[in-house]
Structures are given as structure tokens and as C-alpha cells.
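> My structure is below; once you've seen it, I'll send some questions.
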Amino acid sequence: MIRILTYLVISTFSITISLAQVKSEEININNMAIQLPGTLTFSDDKQPLIIWVHGSGGVDRNGNQPQYIKQFRDEINKNNIAFFSYDKRTANPKNAQFLKEDGVLIADFVSDVKEVVNHFKNKNRFTEIILAGHSQGSLIAMMALDNIDKYISIAGAGETIDKTLLRQITAQSAEFGKLTENYLKELIETGKIKEVDPNLMSLFAPQNQPFLVSWLALNPLEEIKRVTIPTLIINGDKDLQVQVSDAEALKNAKPDSELIIIKNMNHVLKNIEKEENNLASYYSADFKISEELIKTIVEFIHK
């Protein structure tokens, strides 16, 4: 009995020491007037660093309600990989006045990523820097790969955003899908929409239209052809927003990339065993991040 108790004490002590090895730093990076506060976690300066590039919306460093970025951070740190994520400019209340005055374009998000990369490059702390772009961030990361060693696309679109929006909205309502088709055509042709249906105002509000125009002008399949560094493309087969065919299209556009489709992973990177849990996982941190996702990325980085 004494031997068993001693073993338990030693094991518990070892686990505590292991967890204590992960260090955390709060870092605020400024892109001119824009503040991008974030969290760096690492166990050693001489290890690879992943910088997370957010998807659409006001996503904070942890991934809002589902906490998928925090879960990713916690798991990736266990594999001798450092991680940095920051509050997207649209998630930080301190930026609200500047966003109201100046608006935001896709190029602004790209500029933010480059500023974050420059911060860590100047510090020269880590062995290599990897950009992991999630959803919209897949495209943004593609355009910010200066001085980057590896690139990971997670749930990235393989088509222009007008096709994705039209498909997603039509799946919910054929009527709103037709309106969306007309609005997108009007945006592409004139740069603005004269009158928006109230039901679609959250997407096509006047203040959002310049951003959409800047996004519509970009084709991920053309952008990824310019990528010259090792590339990993990942998609989940339970993703309700981005299809497996998107990942396959990205792979076809860049044949030397690696493509992995992860069983039971949804758009917020959670492992989904029951269909009714798919949407529920968008609003809760109770669902675990895909273990296969972590394994796939660790193998890609350490190879």
C-alpha cells in the first residue's frame, strides 16, 4: 500500500511539473492605431511557433464561446510547439472608434498578420514560424506568407466568397438565396447595393459593403498558386460551412501540398459523433477539439 501511495504522489508531482513547463506571456502588438493583444504560450524559445489567423467575425484569441482556439493552444503546447493568437481587430473594443471612422478591408487583416509576424521575427526567439489560417483566415494567411516557413489551411474556402455565400444562404432559403445572388452581382458591378432587405441587413449593411467588395475580388485558388513553402490543407467531413470539395480544389491548385480530411471534425474543429451536436458545439466549450487535427498538424510541423 505504501508503494502504491508513493507512486501516486510521484505521478501527481510529475504531472504538475509537466504542466508548469508551459509559460505564458501577454503581448500587445500595435498596427499603427490598431491594438492586437494576444497570448503567447511556449515551453522553450527554441521550438516552432504557430501564429493563428482568424476566421470571419469578431473572433478573440480564444475562439469566443466554443473556445476552439484555446483548446487548440492547450493541446499543441503539449507537443513542443509554441502558439500565439490575438484578438482580431474587430474583436477588440479599443479599436471600435477607428473601425467606425476608417472601416475595414481584407487588406487590413493581412496587414495585421504581417505586423504580428514581424514582431516575432524581430525577436528571433523561435526555430520557425508557421501560419495556421482558419476559414476566412486561410485566404488571409496565404497573402501574408513573407518570412514564413510553413503554411496550414484549416477549413479554407476553395472558391470566391460570392459562391460560398450563395450556397450557404440558398441552403437556408431559396428566396434569400435569389436576393443574395442579385446583391452580389450588384456589388461586383457597382461597388454598392442601393437597397437591402432587412432580413439580410446583417450581411449586406452599407458599412459592410466595402469589405465584401474587397473580399469578392480575391480567388483562393489563384492565391494558393503563389505559395512556395510547405503547405498542409485540412478540412473536416462534418463541416457545415466549408465543404471537403473546397479543400480538394485548393489541393488541385497546389499539387505539391498535403491534403488531410479529418473524420468527424466540424467547422469549429470539434469532434462530432452525433449530428445534433454539430451546431450545439458552436456555442459551448464542452465539446473537445479533434485529436486527429492536433496529430496531423504536429506531424506536419515536426517532419
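> Among DSSP beta bridges lying fully in the chain, give the percent that are antiparallel, nearest 5.
Close to 40 percent.
> On to the next question. Net charge within 15 Å of ALA174 by Cβ-Cβ distance, Lys/Arg positive one each and Asp/Glu negative one each, not counting ALA174 itself?
Taking every other residue near ALA174 into account, the sum is -1.
> Over all distinct alpha-carbon pairs, what is the Kirkwood Rh of region 178-258 in angstrom?
Its Kirkwood hydrodynamic radius stands at 14.9 Å.
> Here's a follow-up. Quick check on region 143-302: take the gyration tensor over C-alpha atoms, sort the square-rooted eigenvalues as a ≥ b ≥ c, and tell me if it's rounded (a/c under 1.5), prolate or oblate.
Cα axes put region 143-302 in the oblate bin.
> Still on this structure, I have one more. Mind checking which of PHE176, PHE211, PHE83 has the largest fluctuation in a GNM of the chain, springs on alpha carbons under 10 Å?
Highest fluctuation among the options: PHE176.
> For the pair ASN147/LYS295, report the inter-label distance in nm, with labels modelled 7 Å from Cα in the Cβ direction.
3.6 nm
> Output the relative contact order of the chain, whole-number percent, from Cα pairs under 8 angstrom with separation of 6+ residues.
For the chain, the relative contact order is 17 percent.
> Mean Kyte-Doolittle of at least 0.0 plus a Cα span of 15 Å or more along the axis: flag which DSSP H helices in the chain meet both, please.
Long hydrophobic helices here: 2-20, 291-302.
> Across every pair of different alpha-carbon atoms, what Kirkwood hydrodynamic radius in Å does region 214-303 reach?
That comes to 14.3 Å for region 214-303.
> Over region 147-300, what is the relative contact order in percent, taking alpha-carbon pairs closer than 8 angstrom and at least six residues apart?
Once normalised by length, the contact order is 24 percent.
> Now a separate question. Only one of the listed values, (1) 63, 46, 45; (2) 53, 43, 39; (3) 78, 45, 39, was derived from the coordinates as Cα extents along the principal axes in Å; which label is it?
Here Cα extents along the principal axes in Å agrees with entry (3).
> Taking 0.36 nm per residue of separation and subtracting the Cα-Cα distance, what length does fully extending ILE27 through GLU181 add?
51.2 nm
> Next question. What three numbers, in Å, describe the spread of the alpha carbons of region 96-194 along their principal axes, ordered from the longest?
Projected onto its principal axes, the Cα set of region 96-194 covers 53, 32, 22 Å.
> Distance from the Cα centre of region 237-294 to that of region 55-126, in angstrom?
Between the Cα centres of region 237-294 and region 55-126 lies a distance of 21 Å.
> Rank ILE233, ILE129, ILE169 by mean-square fluctuation in a GNM of the chain with C-alpha springs under 10 angstrom and give only the top-ranked residue.
ILE169
> Once every DSSP H run of n ≥ 4 in the chain is given -39500 (n - 2.57) and the sum is divided by its residues, what mean residue ellipticity at 222 nm do you get, rounded to the nearest 500 deg cm²/dmol?
Mean residue ellipticity, 222 nm, calculated: -13000 deg cm²/dmol.
Any read-out appearing in this document is the output of simple, stated calculations on the displayed coordinates, not a laboratory observation. Predicted, not measured: the structure shown is a model, and the values here were computed from it. Note that each Cβ is placed from the backbone with ideal geometry, even for glycine, and that neighbours are counted across all protein chains shown.
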